[in-house]
Structure formats: C-alpha cells, structure tokens
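> Got a structure here, written out as structure tokens. Questions coming.
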Amino acid sequence: MRITLSDLNTKDLATLVQRTITTSDLGKYAVISNHPLLSELKKVYTEYDAVYTKSTYSGKGTDVASADRDRDVSFRALKNFLDGYRKMPSLSNYQFAEDLYQIFKLYDLSLDKMSYSSQTAQMKKLIEDLEKPENIQKLNALSLLPAFNEMKSKQDVFEQIFAEQAGANANLRNMKSASSIRKDLEKALRSYINFITVMKDVTGWELFYADINELVKAAKNSTVADHEKK
C-alpha cells in the first residue's frame, strides 16, 4: 500500500483521510477500534479541516465600512448645520454655533476623509471637547444634543465593530498555516497506513487492510487523472 501523499491535491488528501476515518469507524473491524493512531489521525484532520478552507481575513470589512459611513454622515450633518447657523447673525444663539464650529475646525473639518485610525483619534478628541459642560449647554441651546448623541453613538458602534474585525483577523493569522497543518496530516496518515500495512497478514487485519488499500488506490488514480488532464 504505497502512495506519495504530497502528490495529492488539497481536496483529494482531505477525501482520502475522510474515507479512511469513516471506514475505520464502521464498527466492522474491532482490531482498529480506539487505536491511538486513529485518534491522532482524527485530531489532526479536524485541525486541517478548520484551516485549509479558512479565509485570510475575517470578512468583517463590509461592516466596518458601513459603520464608518454612518459616523461620517452624522459628523457632516452636525458640522454643516453649525456652519450654516453661524452665518446668520439674525438668529438667536448664532455665536454658540460659531463657537462650536471652531471646535470642529480645531480637529479638522475633513476628518471624515481620514484613515480609520486617524479619524477615530480625532473624533474621540472632538467628542471629548464637545462634552465639556459649557459646550453641552451650547448644543442644548441650539437643540443639537440629539444630533451630538447620535454622532457619539455612531462613533462607539464603529469602534466596536473595528475592534471585532481586528480581533477576528488576528485569530485567523494566529492559526496554523495550511501548509504546516498539511505536513502534520500527511505524517499522521502515513503512520496509520504504514501500521495497517505491517499488520495486514495478522489474523483479523486482512479485510481491513483490503478496504483501506482500495481507498489508497482510488486516491492514486485521482492523481493520475489530474495529471492526464493537464
């Protein structure tokens, strides 16, 4: 029972291991039941199955972009209102609008065009400044507290989703690479096949060896077929 496991593509290797485990677990062959080599093969295959189809990134990028757009909209709405209000001296409290607009200006009127991290840093400073008692009074006088609270809320949501994305991406990168785990799987499968081959002439092992040998032949044939297509 010979096969060069490194010649198998990802799918065929996974298929061979799956079929080998399934055949071993049928209950027909007591000789292999609960064998340590079978347990090791199952363990490594579980790790391999989780890794070889994994994404490089978490897929949360769309959620982050959406949350960023939401905070941009709330930022621009408040900024633009203050900009318009401050230009109309005939309106009561127009000076409050001017004062608050200058705070926006201090942290960059175009901060919504910045990178995620730069915008977050500036937004946090802007919000901290606007939360000072004297500025809260001005926002309240202009009936802008709801708009301000919405901007704060959108910023909080963005930070939460961004943190989730960063954590998920870090977890993915910390997983074993597919190439590394494949070597472990090949080693475990090779040890299992070699052991069965050694035991093939021992009473009780003949039929089990024959079944596994057929699986190995099928895997080898799939490799030959792949080469012929190229």
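> Specify which of the listed residues (Lys132, Lys125, Lys105, Lys79) is charged (D, E, K, R), buried (at least 17 other Cβ atoms within 10 Å of the Cβ) and modelled with pLDDT of 95 or more.
Working: Lys132 fails: buried (at least 17 other Cβ atoms within 10 Å of the Cβ); Lys125 fails: buried (at least 17 other Cβ atoms within 10 Å of the Cβ); Lys105 fails: buried (at least 17 other Cβ atoms within 10 Å of the Cβ).
From the options Lys132, Lys125, Lys105, Lys79, the qualifying one is Lys79.
> Taking region 77-97 only, how many residues are within 45 Å of the chain's Cα centre (by Cα) and either small (Gly, Ala, Ser) or over 24 Å from Lys154 (Cα atoms) (or both)? Break it down stepwise before answering.
Looking only at region 77-97, we keep the residues that are within 45 Å of the chain's Cα centre (by Cα), and these are 77-85, 97.
In the following step, the residues that additionally are either small (Gly, Ala, Ser) or over 24 Å from Lys154 (Cα atoms) (or both) were identified as 77, 84, 97.
So the count comes out to 3.
> For region 1-24, which positions are more than 16 Å from Val51 (Cα to Cα), part of a helix (DSSP H, G or I) and in contact with a helix residue (DSSP H, G or I) (Cβ under 7 Å, 6 or more places away or on another chain)?
Looking only at region 1-24, we keep the residues that are more than 16 Å from Val51 (Cα to Cα), and these are 1-8, 16, 19-24.
Now narrow it down to the ones that are part of a helix (DSSP H, G or I): 5-7, 16, 19-24.
Hits for region 1-24 are Leu5, Ser6, Asp7, Leu16, Arg19, Thr20, Ile21, Thr23, Ser24.
> Here's something else I'd like to know. Failed condition for Ser117, given (1) without any contact (Cβ under 8 Å) to a residue 24 or more places away in the chain; (2) over 21 Å from Ala67 (Cα atoms), with all others met?
That leaves (2) as the condition not met.
> Same structure again: Kindly provide the set of residues from region 83-111 that are free of Cβ contacts under 8 Å to residues at least 40 places away in the same chain, assigned to a helix (DSSP H, G or I) and under 20 Å from Lys125 (Cα atoms), ordered by number.
Within region 83-111, the first condition is being free of Cβ contacts under 8 Å to residues at least 40 places away in the same chain, and the residues that meet it are 83-84, 86-92, 94-95, 98-99, 101-111.
Cutting the leftovers down to assigned to a helix (DSSP H, G or I) gives us 83-84, 86, 94-95, 98-99, 101-106, 111.
Of everything in region 83-111, those that are free of Cβ contacts under 8 Å to residues at least 40 places away in the same chain, assigned to a helix (DSSP H, G or I) and under 20 Å from Lys125 (Cα atoms) turn out to be Asp83, Glu98, Asp99, Tyr101, Gln102, Ile103, Phe104, Lys105, Leu106, Leu111.
> So, in region 22-42, exactly how many residues are in contact (Cβ under 8 Å) with a residue 24 or more places away in the chain and under 29 Å from the mean Cα position of the chain (by Cα)?
The total comes to 2.
> List, please: which pairs have Cβ atoms under 8 Å, are six or more places apart or on different chains, and start with a residue in region 200-212 that is at positive phi and surrounded by fewer than 17 Cβ atoms within 10 Å (Cβ to Cβ) and end with one that is part of a loop (DSSP other than H, G, I, E, B) and not polar (S, T, N, Q)?
Qualifying pairs under 8 Å: Gly204/Tyr29.
> Restricting to region 130-162, name every residue that is β-branched (Val, Ile, Thr) and either closer than 21 Å to Tyr85 by Cβ or outside the structural domain of Gln102 (by TED's automatic domain parsing) (or both).
Taking region 130-162 and keeping what is β-branched (Val, Ile, Thr), we get 136, 157, 161.
Passing the criteria: only Ile136.
The values are calculated or read from the model by the stated rules, or taken from the named source; none is laboratory data. These numbers were taken from a predicted model, which means no experiment stands behind them. Every residue, glycine as well, gets a Cβ built from its backbone with ideal geometry; the counts of neighbours run over all protein chains shown.
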